[in-house]
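Worksheet for the structure shown next.
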Ligand code: ASP
């Protein structure tokens, strides 16, 4: 039986052309993109496509557009075997992480891909990325949100963009890759199993969040103003989850948590994790009651916080869920 795949175009370099006046890359329409890859047509595949209203450079991404894309998936979920989302690479890891939370009990592949060079350009990486992403979506082996890029299939909420110059734009620093495309596509045993329950779509992501990246000498006034700016705050701390032992910093964290802020600590390092109690410099977080986000990526931590704050849970429930492995985003 033919596999039905829906291609959802959102913009990004993959579909861009040069604006002749400004000499910058801008998104263009999707028809040109499909014409550039006749190989996408296959007897085993029924490939249809849809575009969001106004394709964007993904640096213009916003949770409202997440909802627009999620609604396309929701409306078409029963009629397709899998979905490929064409998305700019800049914020692909954020959108893909957000979708892993917004789409609960997913039983089909949602594969994000894009390219570093526009599809019309001679040395473009778009063709291979798109053709293989479609093949993976149609394989029936993948039941989760993933990013496919330059021969690797990554778990969405473990992926970060690490390179603007190489074709290998992404990495999954703390989780094995899900599949590797060579002469054949080799799927690994870490793939998610099928679920028995029906899809639940969550569309309410809170924007009452902030990220505080520590650096040596950061002023307490700056930390205070960022903590004051939102309900939920991700702190990117040093090394294995450490920070200055300055008493005023610890007191400020305690005070903000008592005022009702939800604060989670993750590491600035790409590989490894924030841990409790390895160094004395982890004490400010321990003493104040900051949640330890372990090996979550920044992209995953912030979108998980947006998702949980949008669910209307109590603060204690949010804190418990943040530390729970919901979609494979954290190693417990
Ligand atoms: N600025 C582009 C975007 O994220 C970059 C890309 O697609 O690679 O839309």
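Points to keep in mind about this one:
- Positions within the stretch 209-238 being surrounded by 15 or more Cβ atoms within 10 Å (Cβ to Cβ) and either in contact (Cβ under 8 Å) with a residue 40 or more places away in the chain or within 17 Å of residue 101 (Cα to Cα) (or both), in sequence order: 209, 211, 214, 231, 232, 234, 235, 236, 237, 238
- Output for the stretch 168-200, where each listed residue is closer than 20 Å to residue 89 by Cα and surrounded by 14 or more Cβ atoms within 10 Å (Cβ to Cβ): 168, 169, 170, 171, 172, 173, 174, 175, 177, 178, 179, 181
- Candidate set from the stretch 268-290 (those that are crowded, with 23+ Cβ neighbours inside 10 Å and within 16 Å of residue 233 (Cα to Cα)); member that is farthest from the chain's Cα centre (by Cα): 284
- Of the strands (runs of 3 or more DSSP E) lying entirely inside the stretch 1-96, those containing at least 2 residues that are touching a helix residue (DSSP H, G or I) at 6+ places or on another chain (Cβ under 6 Å) and within 16 Å of the ligand (Cβ to nearest atom) span 3-11, 45-56, 82-86.
- Taking the criterion of being in a helix (DSSP H, G or I) and surrounded by fewer than 21 Cβ atoms within 10 Å (Cβ to Cβ), the residues of the stretch 291-317 that qualify are 298, 315, 316, 317.
Since every read-out is calculated from the coordinates, none of them should be taken as a lab result. Bear in mind that the values here come from a model prediction, so they are computed numbers and not experimental data. Cβ sites come from the backbone with ideal geometry, for glycine too, and all protein chains shown count toward neighbours.
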